[in-house]
Amino acid sequence: MQAPAGVPREFFARDATELAPLLLGAVIRHTTNQGTVAVRLSELEAYRGNGEDPGSHAHRGVTPRTRVMFGPPAHLYAYFSYGMHVCANIVCAPDGQAAGLLLRGGEVVQGVELARVRRPTASTDRDLARGPARLAAALGIRLAQSGADLLAPPFTLELPAQPAAVATTARTGVGGEGGGVAFPWRFYIPGDPTVSPYKRHPKLAP
DNA sequence: CGCACGATTTGCT
DNA sequence: GCAAATCGTGCGA
């Protein structure tokens, strides 16, 4: 549509750790028959598909679920976790390479009312999209939408007007080999109240 | 075909 | 602060 000078797909055809800082502060928008919800991203986590990243779903190679991560960039990779949660990723890296950015936190900047309906348990607006499963729920993303193009309806992706401040730590939910100082691939905007509260990896320094 | 586990959230003590 | 809830996915037999 009319994405004014929309973000070219090639912009996403780079490594996850390189793309993450550029997407902090970006706005992702999802429109359904219920309405539109937009979230400004404040926290991301990078995953690679190569054998080098034990924490990645694509670590073991291509499977029916993860094949989206190996596909062209700027697509949605959604997965189901703990029997109750859906989490959303932005696929990046060139076609054929598996990499993704897990959307871990953000601020609802449009469609707050609809987001509240989708997340009745959120006590404050700040909590609407603070956390991976919360963010996906607020946007109304479902499992079946995995593989959808994020640069075409019903999605919209806008880059930040100016680069956001960036801080990095170890990945939050990844234990064992994938966690720790070897993979400081959690990117967030320091001081942003919508950064997820989930406990940090135990072994890490404050 | 069956089993073990997870890129988490929520609610109660 | 801690433990339960819950089911799709992927691996082993």
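Report, in deg cm²/dmol and to the nearest 500, the calculated mean residue ellipticity at 222 nm for chain A, where each DSSP H run with n ≥ 4 adds -39500 (n - 2.57) and the sum is divided by the residue count. Please list the in-between numbers first.
Numbers: 4 runs with 27 residues, N = 206.
The helix contribution divided over chain A gives -3000 deg cm²/dmol.
With a 1.4 Å probe and all protein chains left in place, how much of the accessible area of chain A comes from carbon and sulfur atoms, in whole percent? Please list the in-between numbers first.
Details: 5400 of 10000 Å².
Carbon plus sulfur share of accessible area: 54 percent.
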Between A:Glu10 and A:Gln162, what FRET efficiency comes out of the Förster formula 1/(1 + (r/R0)^6) with R0 = 22 Å and r the beta carbon distance, rounded to 0.05?
0.55
Three semi-axes of the equivalent ellipsoid, region A:128-190, Cα gyration tensor, whole Å, largest first
25, 18, 12
Could you work out how far apart the two model spin labels at A:Val109 and A:Thr36 are, taking each label as a point 7 Å from the Cα in the direction of the beta carbon, and quote it in nm?
1.3 nm
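In Å, what Kirkwood hydrodynamic radius results for region A:1-99 from the alpha-carbon pair distances?
Values: mean 1/r = 0.0689 Å⁻¹.
Evaluated on region A:1-99, it is 14.5 Å.
In nm, what is the difference between 0.36 nm times the number of residues separating A:Leu143 and A:Arg65 and their Cα-Cα distance? Intermediate values should be presented prior to the final figure.
On the way: separation 78, 0.36 × 78 = 28.08 nm, distance 1.04 nm.
Answer, rounded to one decimal: 27.0 nm.
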Over all Cα pairs of region A:77-172, the Kirkwood radius sets Rh, and Rg/Rh then becomes 0.96
Could you do me a favour and compute the accessible area per residue for region A:9-188, 1.4 Å probe, result in Å²?
43 Å²
Counting only Cα, what are the radius of gyration and maximum Cα-Cα distance Dmax of chain A, in Å?
15.7, 47
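Using the crude model of +1 on Lys and Arg Cβ and -1 on Asp and Glu Cβ, and no other charge, please compute the dipole size for chain A relative to its Cα centre, in debye to 20.
On the way: 21 positive and 16 negative charges, 117 e Å.
Value, rounded to 20: 560 debye.
Test of understanding: express the Cα radius of gyration of region A:60-102 as a ratio to 2.2 N^0.38 Å, with N the residue count.
Numbers: Rg = 10.2 Å, N = 43, 2.2 N^0.38 = 9.2 Å.
Here the Cα radius of gyration is 1.11 times the empirical estimate.
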With the crude spin-label approximation of a point 7 Å out along Cα→Cβ, what separation in nm comes out for A:Thr121 versus A:Asp95?
4.0 nm
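The values are calculated or read from the model by the stated rules, or taken from the named source; none is laboratory data. Computed from a prediction, not measured in an experiment: that's the story for all the values here. Ideal geometry is used to build each Cβ from the backbone, glycine not excepted, and the neighbour counts take in all protein chains shown. The accessibility values were calculated without ligands, DNA or RNA, using every heavy atom of the protein model including side chains. Shrake-Rupley method; radii C 1.70, N 1.55, O 1.52, S 1.80 Å.
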